[in-house]
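Worksheet for the structure shown next.
The values are calculated or read from the model by the stated rules, or taken from the named source; none is laboratory data. Computed from a predicted model, the values in this text were never measured in an experiment. Glycine gets a Cβ as well: all are built from the backbone with ideal geometry, and neighbour counts include every protein chain shown. With ligands, DNA and RNA removed, areas are computed over all heavy atoms of the protein, side chains included. Shrake-Rupley method; radii C 1.70, N 1.55, O 1.52, S 1.80 Å.
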Amino acid sequence: MIKVILLDIDGTLTNDEKIITPKTRDALLKAQKSGVRLALASGRPEKGLYKFARELVMDKNHGIFICYNGARVVDCQTGELLFSNPISVEQAKAVLENIKKFEVTPIIAKGDYMFTDNVFGCTIDWKGKPFNIVEYECRGNGYLLCEKADMAEFIDFPVEKIMTAGDPAYLKAHYKEMQAPFINDLNCMFTADWYYEYTAKGIDKATAIDFAFKKLGITSEEMIAFGDAQNDISMLKYVGIGVAMGNSTAEVKAIADEITLDNNNDGIAESLYKHL
């Protein structure tokens, strides 16, 4: 019996317009009415999840946020912090110093702000159009922007995640060099073609999910999860039913228990009506 539905956001819960489609929303609302609990498991910060939680009425049904790829877990109804494992100040400084060698833009969230070294930078060509990644990340998660000339010098607090943004081809060519100094100390991964991110060692979505739901007496076999990208793999492997969206990477499809329709064609609803 399924007791929890775990949902990645971008490329999974939302379509390419960053909207939850009516059919998918209806399926998730019905699931909650039948007693199933929802959890949003995303690389996004907590602040960037509330709008989806309200739309799905998770804020009235003790929905769970798995934020920053698992570095932070929050009860979205009460705001209670259930789990946090950030990168230390020393490690954060080291990462930010190292990435100065590369043509990437660092982004860190704290409070109401996203901090970066160039608020006007990081415009790439995406599908034939200019795409400003900093603006996209900031507006999509409801943050104000603040520019710091030297991010390594500025950082004096632990952070759940350090995001680097850049041209997809450039990141693919250089991510191993960006990862090399920290391969034994931090988790490093792609969360989108234009994002390469760092979190604390041992942190991933599965670890956070295990921590949050064991306390509630819910086992992995009682969960179904949906994802599309590299940072979803641990989650899809952990649960009883791991579902890859039709738009998933080949790597994700290879480890999934099943593949559903893509995020523009209600893949989540299609799968849930079969399993529930």
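With the largest listed first and rounded to whole Å, the semi-axes of the equivalent ellipsoid of the stretch 1-159 from the Cα gyration tensor are 31, 20, 12. Among the trypsin sites (Lys or Arg not before Pro) found in the stretch 187-270, those both in a DSSP coil and sparsely packed, with 11 or fewer other Cβ atoms within 10 Å of their Cβ, are Lys215. Dipole check for the stretch 42-103: with +1 at the C-beta of Lys and Arg, -1 at the C-beta of Asp and Glu, and the Cα centre as origin, the magnitude is about 160 Debye.
Structure shown: which of Lys23/Lys237; Lys33/Lys201; Lys148/Lys205; Lys18/Lys205; Lys33/Lys161; Lys3/Lys176 lie over 32 Å apart, alpha-carbon to alpha-carbon?
Details: Lys23/Lys237 26 Å; Lys33/Lys201 37 Å; Lys148/Lys205 30 Å; Lys18/Lys205 21 Å; Lys33/Lys161 34 Å; Lys3/Lys176 39 Å.
Beyond 32 Å between Cα atoms: Lys33/Lys201; Lys33/Lys161; Lys3/Lys176.
Highest first, please rank the peptides 183-191, 228-236 by the mean number of other Cβ atoms sitting within 10 Å of their residues. List each step's numbers first, then the result.
Working: 183-191: 17.6, 228-236: 25.4.
Per-residue Cβ counts within 10 Å, averaged per peptide and sorted highest first, yield 228-236, 183-191.
Less than 13 Å from a label point 7 Å out along the Cα-to-Cβ axis of Phe157: which backbone N atoms in the stretch 96-139 qualify, by residue? Only 108-115 fall inside the zone, counting backbone N under 13 Å. Treat the stretch 126-276 as a sphere of radius equal to its Kirkwood radius over Cα pairs and apply Stokes-Einstein at 4 °C in a medium of 1.567 mPa s; give the translational diffusion coefficient in µm²/s, rounded to a whole number. Taking Rh from Cα pairs, D becomes 73 µm²/s.
Just to confirm, what accessible area per residue do you get for the chain at 1.4 Å probe, in whole Å²?
Result: 44 Å² per residue.
Filter the cross-link list Lys93/Lys127; Lys30/Lys110; Lys47/Lys93; Lys93/Lys253 down to pairs whose alpha-carbon distance in this structure exceeds 30 Å.
Lys93/Lys127; Lys30/Lys110; Lys93/Lys253
For the stretch 38-50, putting each phi into the Karplus relation 6.51 cos²θ - 1.76 cosθ + 1.60 with θ = phi - 60° gives couplings of 9, 9, 8, 10, 9, x, 5, x, 3, 4, x, 9, 4 Hz, in residue order, rounded to whole numbers and with x for Gly and Pro.
Its relative contact order, with pairs defined as Cα atoms under 8 Å and 6+ residues apart, puts the chain at 20 percent. Qualifying trypsin sites (Lys or Arg not before Pro) in the stretch 52-148, where qualification requires a DSSP coil assignment and no more than 10 other C-beta atoms within 10 Å, comprise Lys127. Among residues other than Pro168 with Cβ under 13 Å from its Cβ, the summed charge is -2 (Lys and Arg +1, Asp and Glu -1). Along the chain, the longest continuous region that contains none of the GluC sites (Glu not before Pro) in a DSSP loop with at most 13 other C-beta atoms within 10 Å is 104-276. When the solvent-accessible area of the chain is split by element, carbon and sulfur atoms take up 51 percent of it, the probe being 1.4 Å. Tell me whether the stretch 193-233 comes out rounded, prolate or oblate; compute the Cα gyration tensor, take square roots of the eigenvalues as a ≥ b ≥ c, and use a/c under 1.5 as the rounded threshold. Note, shape of the stretch 193-233 comes out oblate. Our analysis of the stretch 206-266 gives Rg over Rh at 1.01, with the two radii drawn from alpha carbon positions and Rh computed by the Kirkwood formula. Electrostatic bookkeeping for Pro45 treats Lys and Arg as +1 and Asp and Glu as -1; over the other residues with beta carbon under 15 Å from its beta carbon, the sum is +1. Centre-to-centre separation between the Cα atoms of the stretch 73-122 and those of the stretch 140-184: 7 Å. Candidates Ala53, Phe157, Ile183 compared by Cα position along the dipole of the stretch 33-191: farthest toward the positive end lies Ala53, with charges placed on Cβ.
Over all other residues within a Cβ to Cβ distance under 11 Å of Lys237, the charged ones net out to -2, with Lys and Arg as +1 and Asp and Glu as -1. How big, in percent, is the set of alpha carbon pairs in the stretch 81-170 lying more than 19 Å apart? Percentage above 19 Å: 41.
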